[in-house]
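For reference, the structure is listed below as structure tokens.
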């Protein structure tokens, strides 16, 4: 089958299901980054499909100095929509005779702080050209900034592959100013994961959220190119 046709068909499904962003990454040689067992579950699935949903800007505006119940409900519903979209993509791929593995939007493989998922959505999205890793270690999209949640699907369906974009946050330090944990530094490599996790756990308990969420750096990272987008 034609690589571009496959790509366009999957993108059509994603966009029709409400996704804001779609890209495909070449994942060959990156299996060591996965936390999936046994190995045969992901073996041969060398294409990573990344899909992103632009969060509601108005709901993010409800966050002043802590996460809100409104943000919590939105977070949960967006995760459900992302997972639903991934399953629709998987269904189509399998109907075409290929294999696909959905990586759910909010998945935890290692509960020891700092928590980590089976596969990094940010890694796949970055390789798929949807953004770069910012100072907050959010995936920063040129259009929507960090105000996006992602889901991924691994597959062996032949697809056109996107390329990473060579960008960074430049002089923007909005996330550093708002982080209540002081976890965000000048260099993303110096991000304090432990401080971030402790702040998330504090919010989870104090605000009775039941989820490790914050949203302050997400709100601060607004993106710069929305009016010029053809994504």
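Which percent of Cα-Cα pairs in the chain sits in each 10 Å bin, short to long?
Bins of 10 Å from zero give 8, 32, 37, 19, 4, 0 percent of pairs.
For the chain, what does the relative contact order come out to in percent, with C-alpha contacts under 8 Å and a separation of six or more?
Working: 441 pairs, mean separation 61.5, N = 231.
Once normalised by length, the contact order is 27 percent.
Does anyone have the angle between helix 69-95 and the longest principal axis of the chain? Alpha-carbon axes, 0 to 90°, nearest 10?
Helix 69-95 and the main axis of the chain meet at about 10 degrees.
Mind ranking 38-48, 120-130 by how tightly packed they are, going by the mean number of other C-beta atoms within 10 angstrom, highest first? Walk me through the numbers on the way to the answer.
Values: 38-48: 15.5, 120-130: 23.4.
Going from most to least packed, we get 120-130, 38-48.
Translational diffusion coefficient, Stokes-Einstein: compute it for segment 5-54 using the Kirkwood radius over C-alpha pairs as Rh, at 37 °C and 0.692 mPa s, and state it as an integer in µm² s⁻¹. Before the final figure, lay out each step's value.
Details: Rh = 12.3 Å.
The estimated diffusion coefficient comes to 266 µm²/s.
Separation of segment 86-102 and segment 39-78 by C-alpha centroid, Å?
Going from one Cα centre to the other spans 21 Å.
Over the Cα atoms of segment 8-114, what Rg and Dmax result, in angstrom?
My reading of the Cα-based Rg and Dmax gives 16.1, 49 Å.
Explain nothing, just the number: relative contact order of segment 113-159, from Cα pairs under 8 Å at least 6 residues apart, as a whole percent. Walk me through the intermediate numbers first.
On the way: 30 pairs, mean separation 13.0, N = 47.
Relative contact order of segment 113-159: 28 percent.
No lab work stands behind these numbers, since they all come straight from the coordinates. No experiment lies behind these values; they were computed from the predicted model shown. Quick reminder, even Gly has a Cβ in these numbers, built from the backbone with ideal geometry, and neighbours come from all protein chains shown.
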